[in-house]
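Participant: Before I ask anything, here is the structure I am working with.
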Amino acid sequence: MDVLDNDNPGQSLGTFALNPYPIHHPEGRDVALIHLNKEEESLRIMKDLGVEVLYLRDLDAIYEKGDEVTFDGYVVAEPNTADREKFGDDSNSKDADDDDHRIFFPYRQTGSLAFHTRDRFFATTPEPLPEGLCGGPALDKDGAVCGIVEGIVPKNHANKEIAGSAAFMPNYI
């Protein structure tokens with residue numbers, strides 16, 4: 001896992017080994033948990049680097065329509081010529097096809113809980129979330145993880161109540 005510097009897109013603060021055995025969702029949902037190898041040591045180093053550790057929302061907390069939800073993640077972009085020069089990207093190198101040259105820009109958007117089913121919540125945001133946030137955290141007003149982003153409902157969706165909304169899997173799922 002690569003920890004990126006939000007103040008300097010494209011710059012890594014450190015790389016950490018992951019446990020090679022992911023835990024898949026028991027109901028076949030498109031999500032898996034991957035633990036850090038040497039988790040306690042890695043978390044200590046990350047905290048020293050300024051990484052904010054997030055915690056799950058209390059399972060007894062009640063969700064209400066209109067609750068504030070913040071989506072936190074990265075917008076992914078291909079580097080342009082100026083980015084390649086700034087970040088030292090040599091796309092003509094022999095192994096250029098093997099490297100990931102994308103740049104990750106921090107992104108945060110706040111919305112409100114608008115609709116839900118038993119296993120999926122929908123939040124409206126001023127503008128639909130950009131692609132690339134899937135798998136990122138949905139945070140409640142206290143900064144606790146209340147879900148994981150599954151996707152963005154297209155603006156032209158037949159159900160106008162959820163069109164353009166962010167869909168996320170609540171933490172209890």
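The values are calculated or read from the model by the stated rules, or taken from the named source; none is laboratory data. Keep in mind the model is a prediction, meaning the values are calculated, not measured. Note that each Cβ is placed from the backbone with ideal geometry, even for glycine, and that neighbours are counted across all protein chains shown. Heads up: the accessible areas ignore ligands, DNA and RNA and are worked out on the full protein's heavy atoms, side chains in. Shrake-Rupley method; radii C 1.70, N 1.55, O 1.52, S 1.80 Å.
Participant: Heavy-atom accessible area of K38 with all protein chains present, probe 1.4 Å, nearest 10 Å²?
Facilitator: 140 Å²
Participant: Once amide H atoms are placed 1.01 Å from N in the peptide plane, what residues at a sequence separation of 5 or more from V75, or on another chain, have their amide H within under 5 Å of its amide H?
Facilitator: When sequence neighbours closer than 5 places are left aside, the close amide H contacts are F105, Y107.
Participant: Then there is this: Assign unit charges at the C-beta atoms only (+1 for Lys and Arg, -1 for Asp and Glu), then state the dipole size of segment 120-159 relative to its Cα centre in Debye, rounded to the nearest 20. If you can, show how the numbers build up before the last one.
Facilitator: Details: 3 positive and 5 negative charges, 24 e Å.
That gives a dipole near 120 debye.
Participant: At 7 Å along Cα-to-Cβ for each site, give me the label-to-label distance between D48 and A61 in nm.
Facilitator: Taking the two extended label points, one gets 3.1 nm.
Participant: With an 8 Å Cα cut-off and a minimum separation of 6 or more residues, compute the relative contact order for the chain in percent. Don't skip to the answer; put the middle values down first.
Facilitator: Values: 300 pairs, mean separation 34.1, N = 173.
The normalised contact order for the chain reaches 20 percent.
Participant: What is the angle, in °, between the Cα long axis of helix 39-48 and the longest principal axis of the Cα atoms in the chain? Nearest 10 is fine, range 0 to 90.
Facilitator: In the chain, helix 39-48 runs at an angle near 80 degrees to the longest axis.
Participant: Please compute the contact order of segment 101-149 in relative form: average sequence separation of alpha-carbon pairs under 8 Å and at least six residues apart, divided by the residue count, as a percent.
Facilitator: Details: 43 pairs, mean separation 10.7, N = 49.
RCO, segment 101-149: 22 percent.
Participant: Taking the full set of protein chains and a 1.4 angstrom probe, give the accessible area of V31 in square angstrom, rounded to the nearest 10.
Facilitator: Solvent-accessible area, nearest 10 Å²: 40 Å².
Participant: Give me, ordered by chain and number, the residues 5 or more places off V31 or on other chains with an amide H under 5 Å from its own placed amide H.
Facilitator: Those lying under 5 Å, H to H, from V31 are H25.
Participant: I've got another one for you. Evaluate E = 1/(1 + (r/R0)^6) for N8 and V145, where r is the Cβ-Cβ distance and R0 equals 25 Å; express this FRET efficiency to the nearest 0.05. Can you show the working numbers first?
Facilitator: Working: r = 25 Å, r/R0 = 1.02.
The pair N8/V145 has a calculated efficiency of 0.45.
Participant: Oh, and also: State in Å² the accessible area per residue of the chain; use a 1.4 Å probe, count heavy atoms of protein chains only, and round to the nearest integer. Walk me through the intermediate numbers first.
Facilitator: Values: 11360 Å² over 173 residues.
Counting only protein heavy atoms, the per-residue value for the chain is 66 Å².
Participant: In addition: Mind listing the phi-derived Karplus ³J(HN,Hα) values for segment 57-69, rounded to whole Hz, using 6.51, -1.76 and 1.60 with θ = phi - 60°, and x for any glycine or proline?
Facilitator: Per-residue couplings from phi come out as 5, 4, 5, 8, 5, 8, 8, 10, 4, x, 4, 6, 9 Hz.
Participant: Please list the non-local residues whose amide H lies under 5 Å from the amide H of L13, H modeled 1.01 Å from N, same-chain partners needing a gap of 5 or more.
Facilitator: V3, L4, D5
Participant: So how do S112, S42 rank on accessible area, 1.4 Å probe, biggest first, that is with the largest at the start?
Facilitator: S112, S42
Participant: Let me ask you something else. Pairs on different chains or at least eight residues apart, Cα atoms closer than 22 Å: how many lysine pairs in the chain fit?
Facilitator: Working: K38/K47; K65/K141; K65/K155; K65/K160; K86/K94.
Lysine pairs, 8 or more places apart or on different chains, close enough: 5.
Participant: Counting only protein heavy atoms, what percent of the accessible surface of the chain is carbon or sulfur at a 1.4 Å probe?
Facilitator: Details: 5680 of 11360 Å².
C and S fraction of accessible area: 50 percent.
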